[in-house]
Amino acid sequence: MKPYISVVLPVFNRAHYVGRAIDSVLGQTYSNRELIVVDDGSTDGTCDRLASFGERIQVIRQANQGPSAARNAGIRAARGKFIAFLDSDDEWLPEKLEHQAALTSDERIVLSATNWRSREPGDSCTGFDALAFEEPWICDRPAELVSRPGGHHIMLSSWLVRRDALLALGGFNNTLALAEDNDLLFRLSFVGRFALTKRILLFRETALDSVKLSRPGSLKYHRELARSMCIALANARVLAFGESALVQRQFGRMYAYWLRKEMEFAALDGRNWATRRLALEALVHHPDSRSALLACTGTVFPPLIRWRMRRKYPM
């Protein structure tokens, strides 16, 4: 019997885009599903756009609390054994759920993900171009994959996840404004297998951050991203203690990278003691030559890093 799938779609002020995302779910060849749209306090015409779909979708409305809280509300309302997530400006191909459902017979698989392509003009690259694997790839050691140098390229809008695994982990971290998907992906990688397919079944919007209206090139965005990634990776480092030396080393390298980013923003703010602490902490977690150089610079010459950051982000 085909498993019942709940699709959770959070939306905030996306009246001009959300219809396309909803249509891509309703047009799926896989019929044993439900679509839960969580309106996270939209103030534009999103409410009217959702109403136009009538009873074909289930709508949950709440005060604006951010994408993590919106997705968690959808998870709580879901009836499916599996949950798929779709951002309000992304789009699935019709066979997306059908193809993924076929990969769920193994109870040890907690997450499956598909390949994807950006809508950016002239961008012909796909998400999994950097990953060489047989089709499909049943990954027995997903913690190695998600911590690999160069990134994992697994996008949230391509996920199909076991609902019981999501509930056991507490869902998304409501305190993170960004990188909440990476945080949950890291945690999922320690509890079961992943299944990946090379088929392109998702088109992504990359011009703006998908749920929020923050611009990825802004100082505010990068500052919050560094903070959120450090929180996510601090938790992942704890979970990685019982894993292989490779997994611990790769998570340590990633954590050191984002600690250095935090150090740069501390220097930009004139917080010299925090700059020194973060520089030394990065060196402890990944003692390579770059970390050593930045640790020395951050410890002895915080104003030099501040000067470089002010050139990068004019105030």
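The values are calculated or read from the model by the stated rules, or taken from the named source; none is laboratory data. Not measured: the values here are computed from a predicted model. Every residue, glycine as well, gets a Cβ built from its backbone with ideal geometry; the counts of neighbours run over all protein chains shown.
Some points to look at:
- In the range 94-110 there is at least one residue matching the filter, namely being modelled with pLDDT under 95 and of a type in the set (Val, Ile, Thr).
- Subset tally (residues that are at pLDDT 90 or above and of a type in the set (Asp, Glu)) for the range 196-232: 1
- Selection of first residues in the range 234-252 that are free of Cβ contacts under 8 Å to residues at least 12 places away in the same chain and assigned by TED's automatic domain parsing to the domain that holds ARG187 and of second residues that are β-branched (Val, Ile, Thr) and surrounded by fewer than 17 Cβ atoms within 10 Å (Cβ to Cβ), restricted to Cβ pairs under 9 Å at least 6 apart or on distinct chains, gives an empty result.
- Complete set of residues in the range 1-22 that are surrounded by fewer than 24 Cβ atoms within 10 Å (Cβ to Cβ) and out of contact with any strand residue (DSSP E or B) (no Cβ under 8 Å at 6 or more places or on another chain): MET1, LYS2, ASN13, ALA15, HIS16, TYR17, GLY19
- Inter-residue pairs, beta-carbon under 6 Å, first polar (S, T, N, Q) and in the range 188-202, second not in a strand (DSSP E or B), 6+ apart: SER189/PRO142; SER189/ALA143; SER189/VAL146; THR197/PRO136
- Residues of the range 65-96 that turn out to be in a loop (DSSP other than H, G, I, E, B) and surrounded by fewer than 22 Cβ atoms within 10 Å (Cβ to Cβ), as a count: 8
- Some residue of the range 118-138 being at pLDDT 90 or above, closer than 25 Å to GLU180 by Cβ and part of a strand (DSSP E or B): no
- Within the range 35-58, the residues that satisfy the criterion of being more than 24 Å from ALA177 (Cβ to Cβ) and either touching a Lys or Arg at 6+ places or on another chain (Cβ under 8 Å) or β-branched (Val, Ile, Thr) (or both) are LEU35, ILE57.
- Restricting attention to the range 141-159 and to residues that are assigned to a loop (DSSP other than H, G, I, E, B) and over 19 Å from TRP258 (Cβ atoms), the residue that is nearest to the chain's Cα centre (by Cα) turns out to be MET155.
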